[in-house]
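> Next up is a structure, given as structure tokens.
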Amino acid sequence: MTPAKPTQAAKSPRRAVAAADRTRQPTEVRRRLIVEAAVPLIAERGYAAVGVREVAAAAGVSVGTVTYHFGSVQEILSEAMVLHIERYYAELSEAAEQASSGAEALRLLVDALFTEDTDRHWRMWFEYWNVGDQGTDEAFARGQAERYEAWHRQIRALAERGVADGEFTGSDLDGFTARFAALADGLALQRLRQAPPLSTADARRHLNRLIETELVRRSPE
């Protein structure tokens, strides 16, 4: 008996994969377009003031397209905030990694946290923070916790680098990390509210003073 030739069943998986590939990319592109359009809306108006129609108009798509790709306005805006925050801190990390020392990296971090352009970031950050207090789903809460933890790890790593390089002495790096993050958040909130008034230069000065106080520079031998 002649062995049976491969049937069309062997080709079915290839057709199924190809179909999936054909539909996946346009969906991802559309979702990204909508999320990107939502970022400046949140920054300008606030999370609670942005609706589906505004997002659709900014993205140049129909309301139906938005509701097809997203189950709720919260889903759109949550992804938009995550996109902005991840992008912002990725840029901070890249700048710090290019510094010649831990001390310089911390200085660059402080400079980047407070500029005339970072008020938009801080508005987004506090919006993101507030959403986390409104009983969102577990996935959102987990992602938010992971971003806080990553931010703390970044600060601590720079302090550790300064100690390893012989620039600083510091026995409580965990405490320094917590206080640095808390002070940065507090200064950002004060700057946004301007009560009392706070300039970017003064915000930087307060953070640099914390570094100088807690991470004592080693004297040259």
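Here, each number is a calculation from the coordinates, and none is a lab measurement. What you see is a predicted model, and the numbers here were worked out from it, not measured in a lab. Every residue, glycine among them, receives a Cβ derived from its backbone with ideal geometry; neighbour counts consider all protein chains shown.
> What spacing in nm lies between the two simple spin-label points modelled at R142 and E28, each 7 Å away from Cα in the Cβ direction?
2.1 nm
> Please give the peptides 76-85, 160-169, 56-65 ranked by average Cβ packing (other Cβ atoms within 10 Å per residue), highest first, as a rough proxy for protection.
Details: 76-85: 21.8, 160-169: 16.6, 56-65: 14.6.
Descending packing order for the listed peptides: 76-85, 160-169, 56-65.
> Further question on the same structure: For the pair A95 and D165, what calculated FRET efficiency results from E = 1/(1 + (r/R0)^6), where r is the Cβ-Cβ distance and R0 = 22 Å, to the nearest 0.05?
Working: r = 18 Å, r/R0 = 0.80.
The formula returns an efficiency of 0.80 here.
> Give, as a single signed number, the net charge of other residues whose beta carbon lies under 9 Å from the beta carbon of A38, with Lys and Arg counted +1 and Asp and Glu -1.
Overall, the nearby charge balance is -3.
> Quick check: pseudo-label points 7 Å beyond the Cα along Cα→Cβ at T67 and L83, how many nm apart are they?
In this crude label model, T67 to L83 measures out at 2.1 nm.
> Still on this model: Between H152 and R53, how many nm apart are label points set 7 Å from Cα along the C-beta direction?
Here the answer is 4.3 nm between the modelled labels.
> If you plug each phi of the range 29-39 into the Karplus form 6.51 cos²θ - 1.76 cosθ + 1.60 with θ = phi - 60°, what whole-Hz ³J(HN,Hα) values come out, in order, with x for Gly and Pro?
5, 5, 4, 5, 4, 5, 5, 4, 5, 6, 4
> I would also like to ask the following. Quick one: 3J(HN,Hα) in Hz for the range 145-153, Karplus 6.51/-1.76/1.60 with θ = phi - 60°, rounded, Gly and Pro as x.
Whole-Hz 3J(HN,Hα) from phi for the range 145-153: 4, 5, 6, 4, 5, 5, 5, 5, 4.
> Sticking with this structure for a sec: Full extension from E36 to A182: what is 0.36 nm times the residue separation minus their Cα-Cα distance, to one decimal in nm? Intermediate values should be presented prior to the final figure.
Numbers: separation 146, 0.36 × 146 = 52.56 nm, distance 2.88 nm.
Result: 49.7 nm gained on full extension.
> While we're here: First select every other residue whose beta carbon is under 14 angstrom from the beta carbon of A49; then total the charges, Lys and Arg +1, Asp and Glu -1. Intermediate results must be reported in sequence, preceding the final value.
Details: positive: R45, R53, R123; negative: E44, E54, E127.
With Lys, Arg at +1 and Asp, Glu at -1, the net is 0.
> Can you list the HN-Hα couplings for the range 161-168, worked out from phi with the Karplus curve (6.51, -1.76, 1.60; θ = phi - 60°), rounded to whole Hz and with x for Gly and Pro?
Here the 3J(HN,Hα) series is 4, x, 5, 4, 6, x, 8, 10 Hz.
> A96: net charge of surrounding residues, Cβ under 11 Å, Lys/Arg +1, Asp/Glu -1, itself excluded?
-3
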